[in-house]
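A.B. asks: If you scroll down you'll find the structure; I have some questions about it.
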Amino acid sequence: MSAALALSPEVLAKYQPVIGLEVHVQLLTKTKAFCGCKNEYGGEPNTHVCPVCLGLPGALPFLNKQAVEFAVLAAKAIGCEIRETSIFSRKNYFYPDSPKGYQISQFDKPIAEHGVIVVPDATGAPKRIGVTRLHMEEDAGKSLHDGFPDSATRTYIDLNRCGTPLIEIVSEPDLRTPDEAFEYLTKLKEILLYTGVSDCNMEEGSLRCDANVSVMLKGAAQYGTKAEVKNVNSFRYIRAALEYEIERQIGVLEDGGRVIQESRLWNNGEGRTYSMRSKEQAHDYRYFPEPDLPPLVVGAEWQKQILAAMPELPEARRARLVADYGLSAQDAATLTTDRELGDFFESAAKSAKSPKRVASILLSEITMRLRAAGIELGQSPVTLDGLVLAADLAEAGEISSKQLKQLLDTCFTEGRDFPFVYDRDKPQQISDTSAIEAMIDEVIAANPAQVAQFKGGKRTVAAFFVGQVMRVSKGQANPALLNELVVKKLDA
C-alpha cells in the first residue's frame, strides 16, 4: 500500500502519467552465459565462479548456445523480430559486484526488436503495449549489506550470480496507469513461464523490474522528466510504487517545483520512494564491441529449429479450451494462467465424461486445498486418475457435492489418492426411490408455508426442500434422483 499524499481527484485528473518498464529475466540454463559454471540459485558464496566470470586476466568468454535459443524463444513469444546478426558489447562501469569492470551486453544491435504485449485498459478493451527491444547480457554479482558481525562498516560481495544469462525486455512508454503496468508484467511473466525460458521467481531475483515514470499535463506534446524506480520485488508493490511516484511528481509540480531526473528506491515498509542518485545526464557507459566474442548469427534455419519448441501460448490456449471443451471464458483464463495447471486439466478432460466437471472440481476444490496446504500441483495427493474418478462420480450423481468435499478432505489430510479413499470410505448413497420419497413427504409435511410458496409460483423454493432432505439423509440421498422427486412431489 503506497503512502497517501492527499492530492484531490481534480488535481490528479489534470495530469497524464507515462510509464515504461525494463524487465530483467534470468534464463533457466544449466550453465552461465559465457562460461561453464553452474547457473543455479544459492550455494555457498563465491563457489560457482571461475576465471571467466571473475574477469581474471587471459580468461576468454564463450557464448552459451542454450541462452541464445531461450532468448529467441522468448522474443518470438512476445512478437519480436529477430535480428539475424547481433553484436555483444562491453558496457563499462565500476562497481564492486562487477569484477571485470564492465558487463557483456548488447547495445545498438540487440538480438530482437519491435514486439507487443496486449493488456486490458481501464475499460477492459485490449491495448497494445510496444516492446522496444529484447537483448542479451550477463548479470552482476550481489552486494551483501547485512547479516555479518561487521555489516555496519563493511559490505560483502557474493559473485555466484556473476555471468548468469539475462534477457532485458524494454517496453515503449505506452503504459498510462499503474494497473496497466501490473497487467503488462502479469502477461509477460505468464508468457515467459509458458515458454520455459525462466522460472520468473522474483524472490530469488529471476525476474526484476525497473519502472520509468513521468507525468505531464493532459494534452501536452512533450513528456515530463522521468524518475526510475528500483528495488521493487513484486508486481503488487510495483503498482503501489508507481501510484506513489505519480502522486509525488504531481505534488512537486503543483507546488511550483521541478521534477528531477533520478533513480529512486521503493521502501515497502513505508510505502514510498526515496532518492537514490541523480541522473541529470544519461550515463556514459563507453560501449564498444566485445573483442572476444564474434557477431552472433541466428540464421533462418536455426530460428526454425528453435521455434519448433514453442508451446501453445496462453491466449491461443484460452480460446481453444472454450471451443474444444465448452468452458466459460473465466474458467479457461484461470486454467491457463499456469502451464502445468492447463496440462493437468487437459489430460484429465480427455479421459473424463465431463470436461466442465473436471474444470469445476480442479478450480473450486483441488486448488483451494493446495493453497491451504501450501503445496504445488505436482505435490497434490489427488493424481490425474483421482481427478477423473472424482469428476465421473460427481457427474453421474453417484456422490453428492458434500460427499465429494469430505472425500477430498480425507485425501489431503492423509496424503492418499482419491481412488483409494473412495474404495475404502465409499459413501452409502441412498438411491431407493421409496426411501427418498418418504423423507420428502416428511419434509413437505413439516413446511407448509414453503409448499404454499412453491404452488404460488415461486419454484426456486424447491431447493429449500432438497437441502432439508439432504440434511435428513445426512448427505446420502442421490442428488439427481432427489431433485427429480422433490419437484414431482410438489407438483402433485
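A.B. asks: Which condition from (1) within 25 Å of the chain's Cα centre (by Cα); (2) buried (at least 19 other Cβ atoms within 10 Å of the Cβ) is the one that GLY224 breaks?
C.D. replies: So the condition that GLY224 fails would be (1).
A.B. asks: Right, next: Picking from ILE260, ILE246, which residue would you name as being among the β-branched types (Val, Ile, Thr) and crowded, with 21+ Cβ neighbours inside 10 Å?
C.D. replies: Being among the β-branched types (Val, Ile, Thr) and crowded, with 21+ Cβ neighbours inside 10 Å holds for just one of ILE260, ILE246, which is ILE246.
A.B. asks: Which residue, of ALA391, ALA435, ALA396, ALA372, is aliphatic (A, V, I, L, M), in contact with a Ser or Thr (Cβ under 8 Å, 6 or more places away or on another chain) and either modelled with pLDDT under 95 or more than 17 Å from VAL466 (Cβ to Cβ) (or both)?
C.D. replies: ALA391
A.B. asks: Show me the strands (runs of 3 or more DSSP E) found entirely inside the stretch 90-154 where at least 2 residues are buried (at least 19 other Cβ atoms within 10 Å of the Cβ), of a type in the set (S, T, N, Q) and in the same structural domain as VAL49 (by TED's automatic domain parsing).
C.D. replies: 102-106
A.B. asks: Mind listing just one residue for me: the one in the stretch 465-487 that is free of Cβ contacts under 8 Å to residues at least 12 places away in the same chain and in a helix (DSSP H, G or I) and, of those, nearest to GLU437 (Cα to Cα)?
C.D. replies: For the stretch 465-487, the residue satisfying everything is GLU484.
A.B. asks: Could you tell me whether the stretch 445-452 includes any residue that is in contact (Cβ under 8 Å) with a residue 24 or more places away in the chain and either more than 21 Å from GLU484 (Cβ to Cβ) or assigned by TED's automatic domain parsing to the domain that holds LYS356 (or both)?
C.D. replies: Among the residues of the stretch 445-452, not one is in contact (Cβ under 8 Å) with a residue 24 or more places away in the chain and either more than 21 Å from GLU484 (Cβ to Cβ) or assigned by TED's automatic domain parsing to the domain that holds LYS356 (or both), which makes the answer no.
A.B. asks: Please name all residue pairs, on different chains or six or more residues apart, with Cβ atoms under 6 Å, provided the first residue is in the stretch 26-41 and is closer than 11 Å to CYS162 by Cα and the second residue is of a type in the set (S, T, N, Q) and not in a loop (DSSP other than H, G, I, E, B).
C.D. replies: That search, which allows pairs on different chains as well, returns ASN39/THR31.
A.B. asks: Could you list, in sequence order, the residues of the stretch 379-424 that are touching a helix residue (DSSP H, G or I) at 6+ places or on another chain (Cβ under 6 Å), among the hydroxyl-bearing types (Ser, Thr, Tyr) and touching a residue at least 60 places away in the same chain (Cβ under 8 Å)?
C.D. replies: The answer is SER400, and nothing else.
A.B. asks: If you don't mind, there's one more thing I want to ask. Which residue is nearest to THR186 (Cα to Cα), if the candidates are limited to the stretch 348-378 and must be over 19 Å from the mean Cα position of the chain (by Cα), surrounded by 15 or more Cβ atoms within 10 Å (Cβ to Cβ) and hydroxyl-bearing (Ser, Thr, Tyr)?
C.D. replies: SER360
The values are calculated or read from the model by the stated rules, or taken from the named source; none is laboratory data. Note that the structure is a prediction, hence the values are computed from the model and not measured. Cβ atoms come from the backbone with ideal geometry, glycine included; neighbour counts cover every protein chain shown.
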